[in-house]
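Notes follow once the structure below has been shown.
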Amino acid sequence: MRELDKIKNGLKRARRPGVRDFRLELDTDSTGDPAVLIYVIVEDAAVRDAGFRQWAREMGEAVVHAVRATGVNRWPYVRFRTVSEERELADTPHQ
């Protein structure tokens, strides 16, 4: 099974209410080590919720744990985007 597929399968265990989707990018980090950048796509209203910071911290930990449990040798870097941010990026032409 490919690394990307293993990570996607692992993230199924990390999914929580409020997560719309995940976007993944295989890359290297600033030291040249293998990495995976994981964007957790959340509903726009979720970021305005008073408990979002705590939820995001817990979600980030769950994502890291799920990726590490797959055995894939890439460090997971977790970022959050709203649905509207993701849509805006998709609509922006790439040069």
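Of all residues in region 1-27, those that are among the β-branched types (Val, Ile, Thr) and touching a Lys or Arg at 6+ places or on another chain (Cβ under 9 Å) total 1.
Scanning region 80-95 for residues that are surrounded by 10 or more Cβ atoms within 10 Å (Cβ to Cβ) and either out of contact with any strand residue (DSSP E or B) (no Cβ under 7 Å at 6 or more places or on another chain) or small (Gly, Ala, Ser) (or both) gives 84, 85, 87, 88, 89.
Remark: pairs (first residue in region 1-19, on the phi > 0 side of the Ramachandran plot; second residue outside any helix (DSSP H, G or I) and surrounded by fewer than 16 Cβ atoms within 10 Å (Cβ to Cβ); Cβ separation under 7 Å; 6+ apart in sequence or on different chains) = 18/43. Determine whether region 66-79 contains at least one residue that is surrounded by fewer than 17 Cβ atoms within 10 Å (Cβ to Cβ) and either assigned to a helix (DSSP H, G or I) or touching a Lys or Arg at 6+ places or on another chain (Cβ under 6 Å) (or both). Yes - at least one qualifying residue is present in region 66-79. If you go through region 16-54 and pick out every residue that is in a loop (DSSP other than H, G, I, E, B), out of contact with any strand residue (DSSP E or B) (no Cβ under 8 Å at 6 or more places or on another chain) and surrounded by 11 or more Cβ atoms within 10 Å (Cβ to Cβ), you end up with 2.
Within region 48-64, count every residue that is in contact (Cβ under 8 Å) with a residue 24 or more places away in the chain and closer than 13 Å to residue 8 by Cα. Counting residues in region 48-64 that are in contact (Cβ under 8 Å) with a residue 24 or more places away in the chain and closer than 13 Å to residue 8 by Cα gives 1. Across region 10-32, the qualifying residues are those that are of a type in the set (Gly, Ala, Ser) and touching a helix residue (DSSP H, G or I) at 6+ places or on another chain (Cβ under 7 Å), and the one among them that is modelled with the lowest pLDDT is 18.
Criterion applied to 64, 78, 72 was being of a type in the set (A, V, I, L, M, F, W, C) and out of contact with any helix residue (DSSP H, G or I) (no Cβ under 6 Å at 6 or more places or on another chain), and the one residue passing it is 64.
The values are calculated or read from the model by the stated rules, or taken from the named source; none is laboratory data. Keep in mind it's a predicted model, so treat the numbers as computed, not measured. Cβ coordinates were reconstructed from backbone atoms using ideal geometry, including for glycine residues, and neighbour counts include every protein chain displayed.
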